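Engineer: Dropping the structure in here first, questions after.
The values are calculated or read from the model by the stated rules, or taken from the named source; none is laboratory data. What you are looking at is a predicted structure, and each value in this text was computed from that prediction instead of being measured. Here the Cβ positions follow ideal geometry from the backbone for every residue, glycine too, while neighbour counts run over all protein chains shown.
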Amino acid sequence: MNRRETLLLVGSTLVGVPAMAQETPRRGGVMTVHFSTEQRILNPSLQASTGVYIVGGKIQEALVDLDAAGNPTPVLAESWESSADGKSITFKLRAGVTWHDGKPFTSADVAFTAMEMWKKILNYGTALQLFLTAVDTPDPLTAIFRYERPMPLGLLLRALPDLGYISPKHIYETGNIRQNPANTAPIGTGPFKFVQYERGQFIIADRNTNYWRPNLPYLDRVVWRVIGDRAAAAAQMEAGQILFSPYSALAISDFQRLARDPRFEVTTRGNEGNARTNTLEFNFRNPILADIRVRKALAHALNIPFFIENFLGSFAKPGTGPIPSVSTDYYPAGMPQYPFDVAAANRLLDEAGHRRGAGGVRFSLRLHPAPWGEDISLFATFMQQSFAQIGVRIEIVRLDAAGWLRTIYNDHNFDLASGWHQYRSDPAVSTTVWYRSGSPVGAPWTNQWGWNDPTIDQIIDNAATELDVPRRRALYADFVRRAQTELPLWMPIEQIFVSVFNKRLRNVANNPRWASSSWHDTWLAN
Amino acid sequence: MRIISLAAKRLAASLPTLLLILVGIFCLLQFAPGDTVDAMLAQMGGGDAAIAADLRRFYGLDLSVAEQLTRYLWRLVRLDLGFSAIYGKPVATVILERLPATLSLMGASLSFAFAAGMALGVIAARRVNRWPDTLISTLGLIFYATPSFWFGLMAIVLFSVHLQWLPAGGFGDVAMGYTGARRVLDIAWHLVLPTLTLGLIFLAIYLRIMRASMLEVLSLDFVRTARAKGLRETRIITRHVLRNALLPMVTLIGLQAGTMLGGAVVVESVFSLPGLGRLAYESVVQRDLNTLLGIVFVSALLVIAVNFLVDMLYARLDPRIGA
Amino acid sequence: MRRALLAYIRNPAAVLGAALVLAVLAMGLAAPLLFPNDPLGLAGRPLQWPGANPRFPLGTDPSGRDIMAQLFHGARVSLLIGFVATLVATAIGIAIGALAGFYSGFVDTVLMRLTEAFQTLPNFLLLLVLVAVFGSQIETVTIAIGLVSWPPVARLTRAEFLTLRTREFVQAARVQGLSDLHLMLREVLPNALPPVIVYASVVMAVAILLESALAFLQLSDPNVPSWGNLIGLGRNVLRVEWYVSAIPGVAILLTILGVSLVGQGLNDALNPRITGR
């Protein structure tokens, strides 16, 4: 090799431009996806969960989606603006869009979906649209949302990619919405058209030849394979029978192993919008836990970095409070923390008057871990082991999903509980509700601890209707400071879902909620 | 015609048992913490109290237990199994969709266990106390002692992961879109490991019973007479001994039908098969009462039917029973 | 009795079975001596291979716990569960079978319908429902296993009682005016027990299997170092660290093998009909 060639070779390696960036997308191919938990319905206008978006998000579309930088980008809505008082938000809709059955998409669909589905049935949509009074439709391409109280435009736009899916009015206007067969055979405007759902086996969707984005999608077909068992899914990934496994659906050890395999990419890229924190919830009805010294002692007893490194394979980071670091708009740094300090933990418990008794045990507590996610049960075991070091004996109580929800949030029959808090792009959507008082008994993932704080209630309410962005940010910083000081619950670990891709797939993970997004530009290389 | 009237009589006699089972399970599940709406909220990742109350009304859960039970039984009398909360479809449809997988698995396992158990039991009995007998009996014991799910997992590790001979699970390869004979073969290929796993313990049982039964019959007078008459050993076995030795085996099928369905829950879980076993497990976890009771009803009917067929077969095999 | 014992000892398979059971028993008894620390406590880095670290001869599980410690402590749990569940099942089964066989008529019909109901329902399904309702604590699980295992014991006891009821010694005792209860407990039951005791070994084997199946499905008590729990934990790491599931599986296999051989040995010793051995 001569000098010139050597320089070129070295140069290209240093620049590191991936050859992929210059490839032309190939048309055709079947994308097979790991579908781990079957859902009762597939319509994202009626159910807001990642389990629905993985399928429904390709068939139906929302008013907006997120772009690569995480900002709202037009989908079915082309533009938007808010009135000065924040009580009217106007969306200009896209022209020339048709439903999969050929009927045109109009503002009537938006009005119907918002009033009948988002406001009445959609979980988290009901809270978000609580003050929505009407949606005016002066013409087929304009929808005006009228609110009783000011709705911050930023909040709405950030929530709409998840909570803004549109369903066809002409399909749902007759009969009971919940029993409509379209719920398991969705009709939408998206790049893929529903074909078949074989319960327990697979879902198939084919390319929408009349998609409003020209010459898209690239893929011919998407097949979701129902695989409940993690080990089986990993085996199928390696055999090439599935090309994509979303939402941390494989075992942690499989992530580590597949990451070393050059055929696969194991990453949190594309899931930044789906952050969650692991929770440790305290029941104040147990007088031991009502003492803040005890709560702080328990927090100090956990070596979180050790746990993350050794048990979560470093696919997580230490949490700092209810608002995770992915939230660039609201994440407040410098809040009160509780680092690993066994001496401090022991001292706090001694101060609280809990001396060590027989066998070095001060007192016993029951811990109820949620029955989903491998990390939750690993964390529960780790907590049991760690708390034993400071003289707290833990009994782990196992319940299934229905039993767990009922026992914790309705019966309040627990001492400690541990689960996930899902951060949905804005603190007002599903975060502050963990701290605000007033949620009815039985409402899951809300403040059911037997604790309330009027100050924090006030901060939360003010922030939800504050239109000025910097002021809103400051209010949420206050909220986090108070939450971390009072510590009614603790959120020590922050995680982003892990995706596993077969590298043949291209244009993947190009927005922060890619797995839930529409995949209109995804293509399959040979 | 007689068979139908016999069947009808058997069904009528089993009605009290059926009723007992259904009412029993219904009442038992009322004590489970959480209902189907809680399971649904868990799946949704949240929801407020208004949604929950609305859903409870929708599923008829706001009625009293007695009222719910009465409604259920009244529907059952008209052979209406109700609506599945999980699937939003009639329970009958859901069960029919899952039936092929379970029936294929159980049928294949039973046939495999019966045929192999019979063959191995005969060989062991013929070579009693010599090395084939010792080997077969020992293998039988080991199969009996092996936890089925553990065997399934180890089989996956060996045959799917390391050797890559057989698929790791599923009921056929969906993305391929096979049809007709190709699809049947594909499904059969996917059922090899599950059949082996489920059939293993029953193979061990049939093996032992067949061997013991054969030995007992071989020592009876009529066999010695046949030998004295100079008949060939194989002819003696097939014509005379087998018929009598099969009787306990056939009885056993009836007894094992229920256990096999229970074993199917675990095997279907390990191999991701869309069968009734997994459906039953799902309906317990999701508190879908209608589906669970529907499965219990169908499986009870299956057990009763199998026992009935067994009795018919028994009568044909044993001429001493008035047939 | 002596004759039965001699027949048992002369049976190599039965002796092997007894040896296996005694070995497991020894493991369980030695556990607190050899592994005094909490077997479920954090011992080291998770997922170390057997032999990689001299401190952990059988490696560590996904939660960093010593597999060998769990194996030994698990022996106590498995044997205890098997034993107590068998006791529950046998007690219920004998009670129901005795009453049905002794009294016949209406009592028999009702009790047999009940038994039939329990037998028609797949026992694992009933177990799932019981665990969903009453919880996963080890005491609850053990009783639940006993509750789904009694029907065959009842049928066996009933059959024995039906035959023995008409025997002369019973008639003689009845003529003497002894009460029904005395007849059942003092005259019939001791003669009916041997086949039931032998069958109890089958019940025990099934009980251990049922508990491990429940643990595999993550439905058993996580505060207890049972073998089934370990298999369940190993399910996620089956692909590479298959030893986490393999080792406890072998332990279960050998235990059940031992119990079955003991049962078979007892059967052969107590019923010396020609079975070819």
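Engineer: Kindly evaluate residue C:42 against the criterion of being over 30 Å from residue B:129 (Cβ atoms), in a loop (DSSP other than H, G, I, E, B) and within 14 Å of chain A (Cβ to nearest Cβ). Steps first, please.
Structural biologist: Details: over 30 Å from residue B:129 (Cβ atoms): yes; in a loop (DSSP other than H, G, I, E, B): yes; within 14 Å of chain A (Cβ to nearest Cβ): yes.
In short, yes.
Rundown of residues vs (1) of a type in the set (Ser, Thr, Tyr); (2) modelled with pLDDT of 75 or more, yes/no style:
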| residue | (1), (2) |
| --- | --- |
| B:236 | no, no |
| B:239 | no, no |
| B:243 | no, no |
| B:256 | no, yes |
| B:264 | no, yes |
| B:268 | no, yes |
| B:281 | yes, yes |
| B:284 | no, yes |
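Engineer: While we're on this one: Within the set of pairs 6 or more residues apart or between chains, which connect a residue that is farther than 25 Å from residue A:375 by Cβ and touching a residue at least 24 places away in the same chain (Cβ under 8 Å) inside the stretch C:31-46 to a residue that is part of a loop (DSSP other than H, G, I, E, B) and of a type in the set (Gly, Ala, Ser) with Cβ atoms less than 9 Å apart?
Structural biologist: C:37/C:43
Engineer: Give me the residue from the stretch A:18-48 that is touching a residue at least 12 places away in the same chain (Cβ under 8 Å), among the hydroxyl-bearing types (Ser, Thr, Tyr) and in a loop (DSSP other than H, G, I, E, B) and, out of that set, surrounded by the fewest Cβ atoms within 10 Å (Cβ to Cβ).
Structural biologist: A:37
Engineer: Sticking with this structure for a sec: When you go through A:443, A:464 one by one, which is the residue that is touching a residue at least 12 places away in the same chain (Cβ under 8 Å), hydrophobic (A, V, I, L, M, F, W, C) and touching an Asp or Glu at 6+ places or on another chain (Cβ under 6 Å)? Don't jump to the end; show me each part of the working.
Structural biologist: Working: A:464 fails: touching an Asp or Glu at 6+ places or on another chain (Cβ under 6 Å).
Of A:443, A:464, the one residue that is touching a residue at least 12 places away in the same chain (Cβ under 8 Å), hydrophobic (A, V, I, L, M, F, W, C) and touching an Asp or Glu at 6+ places or on another chain (Cβ under 6 Å) is A:443.
Engineer: Scan the stretch A:105-128 and tell me whether some residue there is charged (D, E, K, R) and part of a helix (DSSP H, G or I). Give the derivation first.
Structural biologist: Filtering the stretch A:105-128 for residues charged (D, E, K, R) gives A:109, A:116, A:119-120.
Pick out the ones that are also part of a helix (DSSP H, G or I) and you get A:109, A:116.
Yes.
Engineer: Now a separate question. Would you mind stating whether residue B:289 is within 14 Å of chain A (Cβ to nearest Cβ) and either touching a helix residue (DSSP H, G or I) at 6+ places or on another chain (Cβ under 7 Å) or under 27 Å from residue B:207 (Cβ atoms) (or both)? Explain how you work it out, then say what you get.
Structural biologist: Details: within 14 Å of chain A (Cβ to nearest Cβ): yes; either touching a helix residue (DSSP H, G or I) at 6+ places or on another chain (Cβ under 7 Å) or under 27 Å from residue B:207 (Cβ atoms) (or both): yes.
So residue B:289 fits the description; yes.
Engineer: Can you spot a residue in the stretch A:371-384 that is within 14 Å of chain B (Cβ to nearest Cβ), in contact with an Asp or Glu (Cβ under 9 Å, 6 or more places away or on another chain) and surrounded by fewer than 24 Cβ atoms within 10 Å (Cβ to Cβ)?
Structural biologist: Step one: list which residues in the stretch A:371-384 are within 14 Å of chain B (Cβ to nearest Cβ), which gives A:371-373, A:376.
Going one step further and asking which of them are in contact with an Asp or Glu (Cβ under 9 Å, 6 or more places away or on another chain), we end up with A:371.
Add one more test, that the residue is surrounded by fewer than 24 Cβ atoms within 10 Å (Cβ to Cβ), and what stays is A:371.
Yes, because at least one residue in the stretch A:371-384 is within 14 Å of chain B (Cβ to nearest Cβ), in contact with an Asp or Glu (Cβ under 9 Å, 6 or more places away or on another chain) and surrounded by fewer than 24 Cβ atoms within 10 Å (Cβ to Cβ).
Engineer: Go through the stretch C:45-60 and give me each residue that's out of contact with any Pro (no Cβ under 7 Å at 6 or more places or on another chain), part of a loop (DSSP other than H, G, I, E, B) and either within 14 Å of chain A (Cβ to nearest Cβ) or crowded, with 17+ Cβ neighbours inside 10 Å (or both).
Structural biologist: Matches in the stretch C:45-60: C:45, C:48, C:49.
Engineer: On to the next question. Could you check the stretch B:196-286 for helices (runs of 4 or more DSSP H) lying wholly inside it with 3 or more residues that are small (Gly, Ala, Ser) and closer than 26 Å to residue B:109 by Cβ?
Structural biologist: Filter on the stretch B:196-286 gives B:242-270, B:276-285.
Engineer: How many residues are at the interface with another protein chain (Cβ under 7 Å from one of its Cβ atoms) and modelled with pLDDT of 80 or more if we restrict to the stretch B:157-170? Talk me through it step by step, then tell me what you get.
Structural biologist: Initial filter on the stretch B:157-170 (at the interface with another protein chain (Cβ under 7 Å from one of its Cβ atoms)): B:157, B:160-161, B:168-169.
Those still in the list that are modelled with pLDDT of 80 or more too: B:157, B:160.
Result for the stretch B:157-170: 2.
Engineer: Name the one entry in B:211, B:224 that is over 15 Å from the mean Cα position of the chain (by Cα), modelled with pLDDT of 75 or more and crowded, with 22+ Cβ neighbours inside 10 Å. Lay out the reasoning, then the answer.
Structural biologist: Numbers: B:224 fails: crowded, with 22+ Cβ neighbours inside 10 Å.
Matching residue, one of B:211, B:224: B:211.
Engineer: Would you be able to tell me the number of residues in the stretch B:139-161 that are among the small types (Gly, Ala, Ser) and more than 16 Å from residue C:212 (Cβ to Cβ)? Steps first, please.
Structural biologist: Keep residues of the stretch B:139-161 that are among the small types (Gly, Ala, Ser), which gives B:140, B:145, B:148, B:152, B:155, B:160.
So of that shortlist, the ones also more than 16 Å from residue C:212 (Cβ to Cβ) come out as B:140, B:155, B:160.
Residues meeting the conditions: 3.
Engineer: Ok, one more. Given the conditions (1) away from every other protein chain (no Cβ under 14 Å); (2) touching a Leu at 6+ places or on another chain (Cβ under 9 Å); (3) modelled with pLDDT under 95; (4) within 30 Å of residue B:50 (Cα to Cα), and given that residue A:28 satisfies all but one, which numbered condition is not satisfied?
Structural biologist: Every condition holds for residue A:28 apart from (4).
Engineer: Among the residues of the stretch A:423-436, what is the count of those that are at pLDDT below 90 and polar (S, T, N, Q)?
Structural biologist: 2
Engineer: Quick one: residue A:335 ticks every box in (1) in a loop (DSSP other than H, G, I, E, B); (2) within 24 Å of the chain's Cα centre (by Cα); (3) within 22 Å of residue A:309 (Cβ to Cβ) except a single one, so which number is it?
Structural biologist: (3)
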